[in-house]
2 protein chains.
Amino acid sequence: MNDLMDDLDTPVVLVDHGRMLSNIARMHEQLCARGVVVRPHVKTHKIPQIARLQRDAGARGITVATIGEAEVFADHGFDDIFIAYPLWITARAAVRLRAISARAKVMFGVDSAEGIAAAAAHLASAARDVSVMIEVDSGHHRSGVRPADVGSIASAARSRGLDVAGVFTFPGHSYAPGHAEEAARQEREALAEAARSLADAGWVDVWISGGSTPSVLATPAGAVSELRPGVYVFGDAQQVELGHHALDEVALTVLSTVVSRSEDGDQRRVILDAGSKILGSDRPAYVSGFGRILEHPAARIAALSEHHATVVFPDDVALPELGSRLRVIPNHVCLVPNLVDEVVVVRDGAVGERWPVAARGRNG
Amino acid sequence: MNDLMDDLDTPVVLVDHGRMLSNIARMHEQLCARGVVVRPHVKTHKIPQIARLQRDAGARGITVATIGEAEVFADHGFDDIFIAYPLWITARAAVRLRAISARAKVMFGVDSAEGIAAAAAHLASAARDVSVMIEVDSGHHRSGVRPADVGSIASAARSRGLDVAGVFTFPGHSYAPGHAEEAARQEREALAEAARSLADAGWVDVWISGGSTPSVLATPAGAVSELRPGVYVFGDAQQVELGHHALDEVALTVLSTVVSRSEDGDQRRVILDAGSKILGSDRPAYVSGFGRILEHPAARIAALSEHHATVVFPDDVALPELGSRLRVIPNHVCLVPNLVDEVVVVRDGAVGERWPVAARGRNG
């Protein structure tokens, strides 16, 4: 870690520029080689500067989760935006979508006849460059319809004047050890059945959108039109423990200070000044703690409070000194930029510019 | 729920003004009756308007977790601030503390000889109205020294020119069913031993600070000088499931919309548009899900993604309609104001003013 970082107040989010570029290039090359469009999910970073790097590396369009994120990225010149979420369109939401559609091609998700009726009531005819994507449940059991029901849902949308562009799914059940292949198989079968259902209802040129960072590399050529990975740009401790990234490939860390230290009793531990208010507190059952430490692969974050990470060390590793600085790799990186106003860019080990998290907090 | 709320975009944080005032009054009356000073922890809300209500209800001084929070509250006229955290004082931190001390009496935590040396190197003699509080571990095993070691730590501080005001602890192990009484007992024994250690080292008029929302009401008169509860101002699902609040006493909720609905298979569920990016994802082992639903006490949040809450309903409860709005009670309320720029105040069921979360994101 470069001494230049001693001038930063901790905790602070660092983005390693070189590692990030490598992560982007590697993923895009692999997906482009299969003839798949990469439409990255920018909820992971919420930073226009990073979305531009993804575009420069071949991404076509972006994915967002909310109308608020779409507004911010449209303001920054992104003109092809998929809101991959089953929006419930109110009069207020329709006004906002129309304003975005004056600057960008917009697609958003629906997964019910009621959702289509609400969208049509407020949106139809007014927004020329807005279309809907039908969400399919491919096994994650969150939102989405059964694949066989897509044709009738799409016909209902068309009869109400909505343009249906295609189908999408999120195979979130890929986030468990050894599940990526099986989730990717279920994903492509669900999408294929959904596409057949649409074809039977008269659609041609159906756009098929899938993907999660763990599953995309298990998706063969020809199965989808586009993939929407998000986490790959940084990586995180979940991806490390799932085997998709090495520790030193992770591009986002939280620089933190050792503020307390104890060798009493049966637990050798230090306390870092990074807690759940900067790391997030996601902790799926398959991970070994609340994050990892870049400098100490054998240490584990056994507990997390709002401003304390309790880091436990094995007997054969010396405890770091009080006042020393460590870089924490968060479990789920998508939560972290959303907790800060800006990130500090590190180039070749030196502190560079600060990038505002332009879409931070845009939850709705 | 008032129809006026239909005009709000979801998800949005609502603060019920009447319930909040009741929560503040009830806690302050009970603690004042024991002759204890209430120094509320404002990290829970980070909103100066709420800290003023606490002051109007008898609070003396405030507690914060970071220098950044202290800066914001000093800017808003609060002149007695305890940073209840073992700060590691760098040159930059010392400059910031001195600036605060020009406007406010400041105390901060230390728990090591090294921490005292760092503070003395950068701070001593420059800051007249800054003093330190020695942190004691009372059984939570996070930061803090052994009670018997307080006298020697305090003497080291004095010999380096630092003013030692007293001792503090956080009995965080009170956050488990049935643990509040035992944690409160351990807290007062640890603080009493620490105070004796200080008295033996020559101190008189030692200030003794304790408290967590679950444990404060188990703390008898005479055991402490002040208590630092935070969560009590709102309550949350953790407090409900620990038995410290009723569902309808909780003053902060997240208004959200039903965006997806499924009665397929063996799980009857709806998806709400509030996820971990507004609710936080704390989920201790003793709670029944990722939050509760004010309108449906029998429903449970079985899963949480960034923008989806998966709410499962028992067979005998009708699923809410698509597009309807529900109020989510978060598990751990301290994470929620930190995720939004402002909260919407509700008075007598009607939407009122918006209060900015002035200290949001002030992690360091």
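The values are calculated or read from the model by the stated rules, or taken from the named source; none is laboratory data. Predicted model only: the values in this text are computed from it and were never measured. Cβ coordinates were reconstructed from backbone atoms using ideal geometry, including for glycine residues, and neighbour counts include every protein chain displayed.
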Unmet requirement for B:ASP56, which otherwise passes all of (1) modelled with pLDDT of 95 or more; (2) more than 22 Å from B:HIS17 (Cα to Cα): (2)
Residue among B:ALA119, B:ALA148 that alone is farther than 20 Å from B:VAL204 by Cα, within 14 Å of chain A (Cβ to nearest Cβ), part of a helix (DSSP H, G or I) and not acidic (Asp, Glu): B:ALA119
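Filter region A:312-329 for residues that are in contact (Cβ under 8 Å) with a residue 60 or more places away in the chain and within 11 Å of another protein chain (Cβ to nearest Cβ); which is surrounded by the fewest Cβ atoms within 10 Å (Cβ to Cβ)?
The initial filter retains those residues of region A:312-329 that are in contact (Cβ under 8 Å) with a residue 60 or more places away in the chain, namely A:320-329.
Filter again for within 11 Å of another protein chain (Cβ to nearest Cβ), leaving A:321-325.
Details: A:GLU321: 10, A:LEU322: 21, A:GLY323: 17, A:SER324: 15, A:ARG325: 19.
The extreme case among them is A:GLU321.
Hey, can you tell me all the residues within region B:251-280 that are in contact with a helix residue (DSSP H, G or I) (Cβ under 7 Å, 6 or more places away or on another chain) and of a type outside the set (S, T, N, Q)?
Taking region B:251-280 as the starting set, the residues that turn out to be in contact with a helix residue (DSSP H, G or I) (Cβ under 7 Å, 6 or more places away or on another chain) are B:251-252, B:254-255, B:276-278, B:280.
Across region B:251-280, the qualifying residues are B:ALA251, B:LEU252, B:VAL254, B:LEU255, B:LYS277, B:ILE278, B:GLY280.
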Positions within region B:135-165 being buried (at least 24 other Cβ atoms within 10 Å of the Cβ) and in contact with a Leu (Cβ under 8 Å, 6 or more places away or on another chain), in sequence order: B:VAL136, B:SER138, B:VAL150, B:ALA154, B:VAL164
Residues within region B:173-192 that are surrounded by fewer than 24 Cβ atoms within 10 Å (Cβ to Cβ) and farther than 20 Å from B:SER225 by Cβ, tallied: 8
Residues within region A:296-311 that are over 25 Å from the mean Cα position of the chain (by Cα) and either outside the structural domain of A:ALA246 (by TED's automatic domain parsing) or part of a loop (DSSP other than H, G, I, E, B) (or both), tallied: 4
Scan of region B:151-177 for residues that are acidic (Asp, Glu) and part of a strand (DSSP E or B), ordered by number: none
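So is A:ALA309 within 26 Å of B:VAL145 (Cα to Cα), among the small types (Gly, Ala, Ser), within 12 Å of another protein chain (Cβ to nearest Cβ) and in contact (Cβ under 8 Å) with a residue 24 or more places away in the chain or not? Show your work before the answer.
Working: within 26 Å of B:VAL145 (Cα to Cα): yes; among the small types (Gly, Ala, Ser): yes; within 12 Å of another protein chain (Cβ to nearest Cβ): yes; in contact (Cβ under 8 Å) with a residue 24 or more places away in the chain: yes.
For A:ALA309, the condition - within 26 Å of B:VAL145 (Cα to Cα), among the small types (Gly, Ala, Ser), within 12 Å of another protein chain (Cβ to nearest Cβ) and in contact (Cβ under 8 Å) with a residue 24 or more places away in the chain - is met.
Name the residues in region A:74-106 that are β-branched (Val, Ile, Thr), assigned to a strand (DSSP E or B) and either more than 19 Å from A:MET133 (Cα to Cα) or away from chain B (no Cβ under 14 Å) (or both), would you?
Residues of region A:74-106 that are β-branched (Val, Ile, Thr), as a first pass: A:81, A:83, A:89-90, A:95, A:100, A:106.
Checking the rest, the ones that are also assigned to a strand (DSSP E or B) come to A:81, A:83, A:106.
If the condition is that a residue be β-branched (Val, Ile, Thr), assigned to a strand (DSSP E or B) and either more than 19 Å from A:MET133 (Cα to Cα) or away from chain B (no Cβ under 14 Å) (or both), then A:ILE81, A:VAL106 are the ones that fit.
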Failed item, numbered, when B:SER262 is tested on (1) surrounded by 17 or more Cβ atoms within 10 Å (Cβ to Cβ); (2) within 14 Å of chain A (Cβ to nearest Cβ); (3) touching a residue at least 12 places away in the same chain (Cβ under 8 Å): (3)
Subset of region A:207-238 that is modelled with pLDDT under 95 and closer than 17 Å to A:ASN23 by Cβ - its residue that is surrounded by the fewest Cβ atoms within 10 Å (Cβ to Cβ): A:LEU217
B:ILE278 vs. criteria of a type in the set (A, V, I, L, M), buried (at least 24 other Cβ atoms within 10 Å of the Cβ), under 21 Å from the mean Cα position of the chain (by Cα) and facing chain A (nearest Cβ under 8 Å): yes
Residue among B:SER174, B:SER197, B:SER155 that alone is in the same structural domain as B:GLY115 (by TED's automatic domain parsing), within 18 Å of B:HIS41 (Cα to Cα) and among the hydroxyl-bearing types (Ser, Thr, Tyr): B:SER174
Residues being crowded, with 24+ Cβ neighbours inside 10 Å and of a type in the set (D, E, K, R) - total across region B:47-90: 1
Evaluation of A:TYR175 against (1) within 14 Å of chain B (Cβ to nearest Cβ); (2) at pLDDT below 95; (3) more than 21 Å from the chain's Cα centre (by Cα) (one fails), failing number: (3)
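Can you name the residue in region A:282-295 that is within 12 Å of chain B (Cβ to nearest Cβ) and crowded, with 24+ Cβ neighbours inside 10 Å and is also farthest from the chain's Cα centre (by Cα) among such residues?
Going residue by residue through region A:282-295, those that are within 12 Å of chain B (Cβ to nearest Cβ) are A:282-285, A:290.
Still in the running and crowded, with 24+ Cβ neighbours inside 10 Å: A:282, A:290.
Values: A:ASP282: 14, A:PHE290: 18 Å.
Among those that are within 12 Å of chain B (Cβ to nearest Cβ) and crowded, with 24+ Cβ neighbours inside 10 Å, it is A:PHE290.
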